[in-house]
Amino acid sequence: MADWQRTVTCGALRAEHLGTSVTLNGWVNSRRAYNQQVFLDLRDRYGVTQVVIEADAGSPLFDIADGTGREWCLSVKGEVRRRLPGKENAELATGAVEVVARHLEVLNKCPTPPFEVTEFPGEELAGEDIRLQYRFLDLRRPSLQKALLMRNRLNQTIRSFLDGRSFVEVETPLLGRSTPEGARDYLVPSRVHPGSWYALPQSPQLYKQLLMVSGIDRYYQIARCLRDEDLRADRQPEFTQLDVEMSFVDQDDILKLIEDLAVEVFRSCLGMEVTVPFPRLSYDEAMLRYGSDKPDLRYGLEITDVTDWAGGSGFKVFQEAVAAGHAVRAINATGAAGRFSNTELKPGGKLSEVVTRAGGKGLAWLKVEEGKYTGGIEKFFAAGMLEELGRRLGAKPGDLLLLVADAPDKAAELLGGLRTHLAAQLGLVPADAKTFKPLWVVDFPSFMRDDEEGRWVANHHPFTAPRVADIAKLESDTASVKARAYDLVINGYECGGGSIRIHDPVVQERLFAVLGLPAEQAREKFGFLLDALKMGAPPHGGIALGLDRWAMILSGTANIRDVIAFPKNQRARDLMTGAPAPVDARQLKELGL
RNA sequence: GGGGAUGUAGCUCAAUCGGUUAGAGCGCCGCCCUGUCACGGCGGAGGUUACGGGUUCGAGUCCCGCCAUCCUCGCCA
């Protein structure tokens with residue numbers, strides 16, 4: 001062992017170590033210098049230990065210590081000593097003791113850092129772009145290290161849980177074939193086949209289905225997935241999924257497995273017990289009550305459909321909307337009447353604009369007062385109708401009733417947007433990062449209409465099995481076909497999604513046809529899958545969990561970059577390495593580009 | 001591609017209605033200090049106000065353009 005190597009970490013020393021001789025390795029967290037004495041706080045990922053260097057120690061020791069700065073990497077040899085009485089630091093786990101340096105070696109210097117690595121309470125962090133540029137420094141911060149450790153705990157929990165249930169971890173290719181549908185692919189040119197391209201996987205979907213055909217039975221993989229689409233606070237171009245697939249199962253088997261896994265994850269990562277089974281909500285009900293297929297159930301503000309009431313309300317705007325087949329739906333923002341001024345609510349006002357900017361025609365509103373309703377439109381309603389509305393919405397004085405009329409799907413979307421906006425504005429979203437409201441959204445429609453291309457597209461993906469009873473109407477009543485698909489939603493984040501797959505080659509070919517993929521093309525692009533389905537494919541299904549989002553939720557951050565060691569920025573650039581970057585002409589030539 | 005926000009010292013921010021030499025805290029440098037721990041005291045350095053135009057007697061501030069960063073819609077089977 002080299003002379004400078006540590007014998008203990010910076011988080012280890014306690015009163016029981018008094019008098020022992022130790023060597024510490026770490027980074028200078030902070031420095032407090034006198035002309036006869038220097039205090040150094042030495043930091044590693046385990047903690048911080050105070051080191052004292054005194055001038056009377058003689059030798060060059062003091063001068064070396066005096067010359068060090070923040071973020072220098074040091075080795076310190078010395079004795080563990082009790083701090084002077086009354087000088088203990090209760091903030092530090094090692095605060096009862098300090099190390100008196102007998103020898104100090106500079107392992108590496110550091111110039112003045114471009115931003116302060118040490119986090120102080122109440123102090124703003126440096127801008128994210130400069131922290132991403134020097135990500136290796138940013139990752140020295142305990143809070144980011146904590147997120148990486150949380151992610152590690154999550155991965156380890158998953159592996160041990162699934163291993164204990166006879167799942168097999170199998171790696172699938174990164175270099176694959178581009179398939180139609182889905183996200184934009186990242187492409188990799190082939191050198192040996194000029195003009196031909198690999199695609200990086202959007203998910204290991206087809207490989208895992210083929211593993212079922214092979215009899216692997218229970219598969220999982222912590223798999224990197226790549227999608228060349230625009231980024232968001234919770235979306236990166238490369239991200240990680242826990243990919244799971246099982247044979248001889250039905251929907252409930254998958255949901256139960258993931259619920260059991262979630263219990264383990266919350267237990268081992270946060271020491272929390274979550275209640276299972278999770279609530280299940282049909283897609284239709286989720287859209288009706290929350291205006292979203294990934295509702296945040298941490299707060300109320302449920303949507304109520306009052307179309308039948310609106311038709312006879314006497315308010316012309318509503319009655320005409322209902323006559324045109326539109327829906328009228330409402331949110332009772334309980335107690336919020338005083339939180340929004342009439343100016344904000346009126347056309348052109350801030351809250352009204354939330355609806356109009358999303359393409360809505362307008363926002364109708366009523367403030368509930370003792371024995372009356374105000375808002376300017378109250379005079380248009382027939383006698384007793386406002387009282388009837390109030391009864392349906394459970395209105396009490398001080399409540400604010402918000403109504404939107406539009407085509408049913410649009411009304412759902414508008415009120416969903418309004419609901420999340422209200423929750424943020426009214427401070428209804430718990431700030432403690434310890435409230436978790438998971439649910440399953442089930443019974444998704446199999447298909448959505450793509451108006452641009454004038455054809456049906458798969459809502460989930462083209463391998464999702466329709467409900468058995470709906471298979472007969474695949475072609476005749478496509479819109480009403482429901483899928484055996486399910487999404488796991490936690491606190492408004494889509495944290496996972498999966499389905500029972502089609503294992504009947506005939507059904508698969510019919511589904512391709514509905515999507516506008518002629519048999520010839522289906523054979524050319526998915527021949528391997530169709531062949532596999534013909535050769536004794538078992539019934540199977542699975543799910544993929546977005547592990548970055550799980551890590552976000554467990555770490556209590558709304559920023560996906562906080563849980564990825566080396567993330568891309570919003571323009572998909574790596575500010576540290578500068579990727580993507582031009583390449584040598586020679587490289588391009590070799591690739592025939 | 002659309003909408004929104006931001007860009008001033010190494011970092012975080014301020015600068016009133018367009019008006020003097022663009023300020024503060026932290027950091028950095030120097031000196032002083034043997035019990036500090038977000039040490040303290042004294043002194044100092046540090047600015048193309050992202051960039052390019054324009055309006056004006058005068059622009060950090062107003063206008064146009066452009067770049068960057070973040071949020072968002074579209075997009076993400």
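The values are calculated or read from the model by the stated rules, or taken from the named source; none is laboratory data. Because the structure is a prediction, the values reported are computed rather than measured. Methodologically, a virtual Cβ is constructed for each residue, glycine included, from the backbone with ideal geometry; neighbour enumeration extends over all protein chains shown.
Here is how the numbers come out for the structure above:
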| read-out | value |
| --- | --- |
| Members of region A:209-233 that are buried (at least 16 other Cβ atoms within 10 Å of the Cβ) and either assigned to a strand (DSSP E or B) or within 12 Å of RNA strand B (Cβ to nearest atom) (or both) | A:Gln209, A:Arg218, A:Tyr219, A:Tyr220, A:Gln221, A:Ile222, A:Ala223, A:Cys225, A:Leu226, A:Arg227, A:Leu231 |
| Some residue of region A:178-199 being touching a helix residue (DSSP H, G or I) at 6+ places or on another chain (Cβ under 7 Å), outside any helix (DSSP H, G or I) and within 16 Å of RNA strand B (Cβ to nearest atom) | yes |
| Selection from region A:134-146 of residues that are more than 11 Å from RNA strand B (Cβ to nearest atom) and in a loop (DSSP other than H, G, I, E, B) | A:Leu139, A:Arg140, A:Arg141 |
| The lone exception for A:Ile53 - which of (1) surrounded by 18 or more Cβ atoms within 10 Å (Cβ to Cβ); (2) under 19 Å from A:Leu139 (Cβ atoms); (3) among the hydrophobic types (A, V, I, L, M, F, W, C) it fails | (2) |
| Residue in region A:547-556 that is out of contact with any strand residue (DSSP E or B) (no Cβ under 7 Å at 6 or more places or on another chain) and in a loop (DSSP other than H, G, I, E, B) present | yes |
| Residue count for region A:64-109, restricted to those that are within 39 Å of the chain's Cα centre (by Cα) and within 14 Å of RNA strand B (Cβ to nearest atom) | 12 |
| Residue list for region A:448-466, filter: among the acidic types (Asp, Glu) and near RNA strand B (Cβ under 9 Å from one of its atoms) | A:Asp450, A:Asp451, A:Glu452 |
| Pick from region A:469-495, criterion over 10 Å from A:Leu439 (Cα atoms) and among the small types (Gly, Ala, Ser), ranking: surrounded by the most Cβ atoms within 10 Å (Cβ to Cβ) | A:Ala485 |
| Unique match (being more than 21 Å from A:Leu351 (Cα to Cα), among the aliphatic types (A, V, I, L, M) and buried (at least 21 other Cβ atoms within 10 Å of the Cβ)) among A:Ala310, A:Ala330 | A:Ala310 |
| Where a residue in region A:28-43 is charged (D, E, K, R) and its partner, wherever it lies, is more than 6 Å from RNA strand B (Cβ to nearest atom) and part of a loop (DSSP other than H, G, I, E, B), with Cβ under 8 Å and at least six apart | A:Arg31/A:Thr68; A:Arg43/A:Cys10; A:Arg43/A:Arg140 |
| Qualifying residues in region A:122-133 (those that are near RNA strand B (Cβ under 6 Å from one of its atoms) and at negative phi) - the one farthest from the chain's Cα centre (by Cα) | A:Glu123 |
| Residues (of a type in the set (Gly, Ala, Ser) and touching a Phe, Trp or Tyr at 6+ places or on another chain (Cβ under 8 Å)) located in region A:518-532 | A:Ala519, A:Ala522 |
| Unique residue being more than 16 Å from A:Leu488 (Cα to Cα) and hydrophobic (A, V, I, L, M, F, W, C) when the list is A:Phe248, A:Phe278, A:Phe266 | A:Phe248 |
| Pick from region A:251-288, criterion among the small types (Gly, Ala, Ser) and closer than 25 Å to A:Arg501 by Cβ, ranking: surrounded by the fewest Cβ atoms within 10 Å (Cβ to Cβ) | A:Ser282 |
| A:Gly536 being away from RNA strand B (no atom under 12 Å from the Cβ) and in the same structural domain as A:Tyr219 (by TED's automatic domain parsing) | yes |
| Some residue of region A:459-478 being in a helix (DSSP H, G or I), over 13 Å from A:Arg510 (Cβ atoms) and modelled with pLDDT of 95 or more | yes |
| Matching residues, region A:475-501, being more than 30 Å from A:Ala423 (Cα to Cα) and touching a Leu at 6+ places or on another chain (Cβ under 7 Å) | A:Val481 |
| Cβ pairs under 8 Å, 6+ apart, first in region A:434-462 and on the phi > 0 side of the Ramachandran plot, second within 11 Å of RNA strand B (Cβ to nearest atom) and not charged (D, E, K, R) | A:Asp443/A:Ala483 |
| Pair list, Cβ under 7 Å, 6 or more apart: region A:81-110 residue under 14 Å from A:Arg43 (Cβ atoms), other residue of a type in the set (Gly, Ala, Ser) and more than 7 Å from RNA strand B (Cβ to nearest atom) | A:Ala93/A:Gly11; A:Ala93/A:Gly47; A:Thr94/A:Gly11; A:Thr94/A:Gly47; A:Val99/A:Gly78; A:Leu107/A:Ser75 |
| Members of region A:1-32 that are surrounded by 15 or more Cβ atoms within 10 Å (Cβ to Cβ) and of a type in the set (A, V, I, L, M) | A:Val8, A:Ala12, A:Leu13, A:Val22, A:Leu24, A:Val28 |
| Residue among A:Leu547, A:Leu515, A:Leu575, A:Leu530 that alone is within 30 Å of A:Asp477 (Cα to Cα) and in contact (Cβ under 8 Å) with a residue 40 or more places away in the chain | A:Leu515 |
| Filter result for A:Leu206 (modelled with pLDDT of 95 or more and either more than 23 Å from the chain's Cα centre (by Cα) or outside any helix (DSSP H, G or I) (or both)) | yes |
